[in-house]
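What follows draws every value from the coordinates through simple rules; no lab data is involved. Small disclaimer: the values here were computed from a predicted structure and weren't measured. Neighbour counts are summed over all protein chains in view; Cβ atoms, including those assigned to glycine, are modelled from backbone coordinates with ideal geometry.
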Amino acid sequence: MQPKPVLFTVVGVSFSEPRFAFDVVVPRDDSTLFTGFAGVLPAVTAMENHGETYDHVGDSRTVRLSDGGTFREEIVRYVRPHGVVDANPPPGEASTGHFDYDVTTFTGLLSHIVSDATARWTYAPGTTGRTHITWAYAYRPLPGRTFVVRRLIGPLWMRYMRRSMRNVLAAIVDERRAGTPEPEGA
C-alpha cells in the first residue's frame, strides 16, 4: 500500500478582491515567487513544454529547478473568481477561485523521496476588499519515506511556503502600486 500524502498548508490575506489577486498571481512567472530556501530547497528557474497559456484543465508544463531537478505540473481545476457584477451574486459576495494542479515525474533528489504531489490554491473572499489565499501542498512519500517528508523536509518546506506566500502577497501589492486597476465590479 502506498503511503498517505503529507499535507502542508499556508494562508495569506490580500487586501484585494479575489479576482484581482488570482489574476496577478496565477499567470505570474513562478521564478519570481518561488526563489528557493536556505540553499537547501531549490528555486524555480524556468517553465517549459507548455503552450501560449497555462490556464485550462489538462494544460501541463515542466518546471526546472536551480539544482537541475524537474517535475511536471498538470492543471486539474482552474476556476477564475468572478466579481460582484459578473454573475450577480448577493451584494458584497464574490466567488472563490481555484488553481489546482498535480505534480509528477520528479527528477533529482525528490525523485528518491516522493512519488507525486498535489497543489491546491484557493482565492476566497474575506471581508470586503480582502482575499484569503490558501496554498495546500501534499507530497506522497515513497514507501518508507514518510518520516523524511514529515520531519526532515516538512519543517523546511513550511518555511519555504511561508516565504513564498509573502512573495505572493508582495506581488499583489506591487501590482496595485503600479496602478493596475482592480477588476470592475470585483
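Within 10 Å, count the other beta carbons around each residue, average over each peptide in 164-172, 44-52, and list them highest first.
The packing order, highest mean first, is 164-172, 44-52.
On C-alpha positions alone, give me the angle between the axis of helix 154-177 and the longest principal axis of the chain, in degrees, nearest 10.
Computed tilt is about 30 degrees.
Where the only charges are on Cβ atoms (+1 Lys, Arg; -1 Asp, Glu), what is the dipole of the chain about its Cα centre, to the nearest 20 debye?
Dipole of the chain, to the nearest 20 debye: 1020 debye.
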